[in-house]
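The values are calculated or read from the model by the stated rules, or taken from the named source; none is laboratory data. Predicted model, so just to flag it, every value in this text is computed and none were measured. Cβ placement follows ideal geometry from the backbone for every residue including glycine, while neighbour counts extend to all protein chains displayed. With ligands, DNA and RNA removed, areas are computed over all heavy atoms of the protein, side chains included. Shrake-Rupley method; radii C 1.70, N 1.55, O 1.52, S 1.80 Å.
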Amino acid sequence: MAAGNSQAGGRIAIAITGASGALYAVKTLSELLARGTHVELVVSDYGKRLLRDELGDEASIEKLLPYLAAKYGEKVNAGSLTVHSNRDLGATIASGSHNCSAMAIVPCSMKTLAGIAHGLSRNLVERAADVMLKERRPLVIVPRETPMSLPALRNMVLCAEAGAMIVPAMPAFYQQPRSLDDLADFMAGKILSALGFDHSLYPQWTGRVDS
Ligand SMILES: Cc1cc2nc3c(=O)[nH]c(=O)nc-3n(C[C@H](O)[C@H](O)[C@H](O)COP(=O)(O)O)c2cc1C
């Protein structure tokens with residue numbers, strides 16, 4: 001999969017669905033915005049519930065930009081955000097002619113994973129993901145479930161075969177995280193790398209753990 005995003009600016013689609021891990025989503029969003037990216041955001045109904053349940057009412061979709069600025073700093077205002085309805089299959093990111101260069105679904109539920117694997121395009125998240133696959137643009141899927149059913153495992157293989165990058169919500173511990181934010185930084189870094197952005201959200205492995 002060719003990534004090749006410029007390090008500043010550009011348009012990236014981000015989807016948030018109803019799997020645990022809202023912190024990964026908001027950290028990824030803040031990093032993209034801080035780079036001056038235009039983010040086209042679509043949040044499923046259960047994704048909206050996830051933002052509130054895991055991060056509180058202040059992170060609800062209507063208040064997301066102020067929440068990001070309060071948590072990560074005013075640098076997020078370098079970028080811009082368009083929020084699409086998941087029911088709007090006529091939104092910009094539903095078309096391959098729209099110049100959105102890559103998409104990440106973070107976190108991705110097993111339901112949305114199944115919809116993408118089978119090309120269902122039942123809503124904007126699934127349609128925009130299908131557009132990325134058909135246009136051969138980077139699609140980063142961040143699934144979260146445990147244990148995983150055989151259908152979920154097979155759906156990940158189908159998506160990978162179609163060209164998506166599967167980046168499981170699976171933070172590491174070699175970087176000696178001290179907080180939930182450290183764990184989120186690790187996952188956001190993996191997602192940014194998959195989207196083609198440089199970052200320093202976790203240390204490069206040097207062959208040994210420094211304490
Ligand atoms: C609190 C809560 C946590 C959930 N966590 C997960 C999860 O980690 N992974 C998953 O696949 N589904 C999870 N679900 C179930 C999905 O939200 C559900 O299947 C939903 O229909 C997904 O729809 P969406 O993909 O359109 O957001 C969770 C649901 C709730 C209410």
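Quick one: is residue 115 under 18 Å from residue 144 (Cα atoms), within 11 Å of the ligand (Cβ to nearest atom) and touching a strand residue (DSSP E or B) at 6+ places or on another chain (Cβ under 8 Å)? Considered against the rule, which asks whether it is under 18 Å from residue 144 (Cα atoms), within 11 Å of the ligand (Cβ to nearest atom) and touching a strand residue (DSSP E or B) at 6+ places or on another chain (Cβ under 8 Å), residue 115 comes out as no.
Looking across the range 127-153, the residues that are farther than 23 Å from residue 190 by Cβ and either basic (Lys, Arg) or within 9 Å of the ligand (Cβ to nearest atom) (or both) come down to 127, 134. Exactly one residue out of 74, 145, 135 is in contact with a helix residue (DSSP H, G or I) (Cβ under 9 Å, 6 or more places away or on another chain) and acidic (Asp, Glu), and it is 145. When you look at residue 209, is it loosely packed, with under 14 Cβ neighbours inside 10 Å, without any contact (Cβ under 8 Å) to a residue 60 or more places away in the chain and not in a loop (DSSP other than H, G, I, E, B), yes or no? Judged against the criteria, residue 209 is not a match. When restricted to residues that are open to solvent by 20 Å² or more (accessible area, probe 1.4 Å), touching a helix residue (DSSP H, G or I) at 6+ places or on another chain (Cβ under 8 Å) and within 16 Å of the ligand (Cβ to nearest atom), the range 20-52 contains 5. The residue of the range 101-112 that is nearest to the ligand (Cβ to nearest atom), among those that are touching a helix residue (DSSP H, G or I) at 6+ places or on another chain (Cβ under 7 Å) and among the hydrophobic types (A, V, I, L, M, F, W, C), is 110.
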